[in-house]
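Structure first, commentary second.
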Amino acid sequence: MSDRYDVIVIGAGPAGYVAAIRCAQLGLKTACVDRWSDVKGKAALGGTCLNVGCIPSKALLDSSEKFHEVSHTYKLHGINVENVSMDVAAMMKRKSKIVTMLTRGIASLLKANKIDSVHAHGKLVSPGTVELYDVETNEKQGEITAGSVILASGSTPIELSSIPFHGDRIVDSAGALSFEEVPARLGVVGAGVIGLELGSVWNRLGAEVTVLEALYDFLPTADEEVAKEAAKQFSKQGLNIQLGARVESAQVSENGVEVTYTVDGEEARLAVDRLIVCVGRRPCTDNLLGESCGVELDERGFIKVDDNCLTGAANTYAIGDCVRGPMLAHKGSEEGVAVAERIANGTGHMNYETVPWAIYTHPEIAWVGQTEKDVSAAGGKCKSGKFPFAATGRAKAMEDTVGFVKVVADAETDRIIGVHIIGPHASELIAEAVVAMEYYASSEDLARTIHAHPTLSEAVHEAALSVDGRGIHRVN
Ligand code: FAD
Ligand code: NAD
């Protein structure tokens, strides 16, 4: 390991490791410092996303969805399967294997790109100087320097002081990805992305799930019709979502957790075996910044950056969950690429208007850009076209017909400004909308683009045609 680099990246999550790889590709001598350890104390690269986030949650979502399908929908296809049972230990083993394979994959990529991967806690003490601390003893190991530093320290779950985490009874999202058995009664605080995804996993496996959400609006950032359809489907699946529920306290006993909450000022109680608290995440900057390093935090604890991810300190950038914007892996990765290119060449590209969202429930939910409500709140005018999956042959063949695609276009220019999907493979279908928006496509462009038949993407095509009232497979 050298002690002088062109770039030091602190954090090897999807923001940091991607930034490091792009820096190396551009010929910059790069070090990537990350403190995450696996159960054996060895470095486990990939941050929250690979270790306790995107990947393990999707592994469990896929396993539980398969179990649910075998138990409920296979018979519609004429397949009779008897005595279906779930081996939770085997499901968890599969999840851990995937995580290990992928975290090792990142280590190989860093090595192949000749990036020095440093397993340590990093602290920026002044622009360009990073002190390294042992991850277990916290003893100082030395320091390394670089022309530029990229901070990519990520985020951690918010803990509510009224219901602190408690062993395996009151857990955060990471705890909920490692239950050893299906809890008979599961409570979830927060009907956000994590609450819905992890609530779905355990609900499909047989838990009785109650979700307590403080707001009266369900999925307020999604399109209103999408949120309404989602609420209907989740409730059909047995997720009991209580809106306007303010959790006051939780009492842990040998048998479980008793949660006290209020709805419209009325006190209510919920007895569960386990409680997942997923009320958002906060930026992780503990012992990251020396007093005179010049990097500032905003009032919510995020590292302050400008539009180019530059902090107030010279040649010091910050990307991913530790800065403003959605806490999404792909948002952090794209910022990482853009910053690497800015450091190497002076320019980089990041379009915050085309960051897609995807929620991996069943049906899946995905969107990009603005809702009709956003447009009218900003005083603009738009038109929209909607098409149900039930009217596509492919969804019918798949026996997966819930949901629709909605395309929102500027009323005057016809430029696509938002696409909202609830339905099968929404997380994949949204990519077409992102590409269209990135290329400033109009709904007419999408409407004149040939889509293979029979595919789910025909619903995107038909929604674009419907913007102009000329959908073919529906009565306009
Ligand atoms: P992180 O992934 O948090 O990585 C930061 C890294 O920096 C960590 O390894 C940390 O240990 C290290 N670090 C921090 N401080 C220091 C320091 N001082 N020195 C050394 N190392 C340090 N997003 C999606 O886009 N799609 C999904 O499907 C999705 N699913 C999710 C499911 C769950 C259950 C959770 C919790 C999150 C999910 N997310 C998802 C969010 C996603 O995981 C984050 O947006 C993403 O990981 C952020 O990337 P990052 O690199 O900014 O930070
Ligand atoms: P979230 O912000 O999505 O949802 C938190 C919910 O908790 C909100 O609806 C909020 O109103 C509610 N809440 C807050 N305080 C509460 C209280 N005291 N009582 C009851 N409800 C309360 O946060 P999250 O679900 O924890 O997820 C964190 C972030 O992780 C997400 O915002 C997202 O960026 C990322 N993530 C993304 C994906 C994905 O892309 N598929 C999956 C999981 C997580």
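The values are calculated or read from the model by the stated rules, or taken from the named source; none is laboratory data. Since we're looking at a predicted model, the values are computed, not measured. Cβ sites come from the backbone with ideal geometry, for glycine too, and all protein chains shown count toward neighbours. Accessible surface areas use protein heavy atoms only, side chains included; no ligands, DNA or RNA. Shrake-Rupley method; radii C 1.70, N 1.55, O 1.52, S 1.80 Å.
So here's what we get for this one:
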{"read-out": "Neighbour count of at most 10 Cβ within 10 Å plus DSSP loop: longest GluC sites (Glu not before Pro)-free window in the chain", "value": "300-411"}
{"read-out": "Heavy-atom SASA rank of LEU151, LEU160 (probe 1.4 Å, accessible area, largest first)", "value": "LEU160, LEU151"}
{"read-out": "Principal axis box of the range 170-276, alpha-carbon based, largest edge first, Å", "value": "42, 33, 22"}
{"read-out": "Size of electric dipole in the chain: Cβ of Lys, Arg +1 and of Asp, Glu -1, about Cα centre, debye, nearest 20", "value": "1020 debye"}
{"read-out": "Solvent accessible area, Å² - ARG269, 1.4 Å probe, full protein context", "value": "140 Å²"}
{"read-out": "Electrostatic dipole magnitude of the range 221-379 [Cβ: Lys, Arg +1; Asp, Glu -1; Cα centre; debye, to 20]", "value": "220 debye"}
{"read-out": "CD proxy at 222 nm, helix term only [per DSSP H run n ≥ 4: -39500 (n - 2.57); per residue of the chain; nearest 500]", "value": "-9500 deg cm²/dmol"}
{"read-out": "1.4 Å probe accessible area per residue over the range 271-366, in Å²", "value": "42 Å²"}
{"read-out": "Relative contact order computed over the chain (Cα-Cα under 8 Å; 6+ residues apart), in percent", "value": "14 percent"}
{"read-out": "Sequence-distant aspartates and glutamates (8 or more away, or on other chains) whose Cα lies within less than 19 Å of LYS228", "value": "GLU197, GLU213, ASP217, GLU364, GLU372, ASP374, ASP400"}
{"read-out": "Per residue, the convex hull volume that the Cα atoms of the range 1-110 enclose (Å³)", "value": "117 Å³"}
{"read-out": "Cross-link reach list, lysines versus LYS383, counting only Cα pairs under 18 Å and skipping chain neighbours closer than eight places", "value": "LYS373, LYS406"}
{"read-out": "Portion, in percent, of the accessible area of the range 170-276 that falls on carbon or sulfur, probe 1.4 Å", "value": "44 percent"}
{"read-out": "Hits among lysines - C-alpha to C-alpha of LYS66 under 19 Å, sequence gap 8 or more where chains match", "value": "LYS58, LYS75, LYS93, LYS95, LYS97, LYS236, LYS396"}
{"read-out": "Accessible carbon and sulfur surface of the range 357-466 relative to its total accessible area, %, 1.4 Å", "value": "53 percent"}
{"read-out": "Sum of side-chain charges, PRO363 neighbourhood, beta-carbon under 10 Å (Lys, Arg +1; Asp, Glu -1)", "value": "-3"}
{"read-out": "Label-point separation, LEU160 to ALA411 (7 Å along Cα→Cβ), nm", "value": "4.1 nm"}
{"read-out": "Rounded percent of accessible protein surface that carbon and sulfur make up, the range 45-127, 1.4 Å probe", "value": "56 percent"}
{"read-out": "Percentage relative contact order, the range 103-213, counting C-alpha pairs under 8 Å, at least six apart", "value": "14 percent"}
{"read-out": "√(5λ) per eigenvalue of the Cα gyration tensor, the range 357-466, largest first, Å", "value": "22, 15, 11"}
{"read-out": "Translational diffusion coefficient (Stokes-Einstein; Kirkwood radius from C-alpha pairs) of the range 184-231 at 20 °C, 1.002 mPa s, in µm²/s", "value": "191 µm²/s"}
{"read-out": "Options PHE67, VAL247, TRP367, ranked by Cα towards positive dipole end of the chain, top entry (Cβ charges)", "value": "PHE67"}
{"read-out": "Measure of compaction for the chain (Cα Rg per 2.2 N^0.38 Å)", "value": "1.03"}
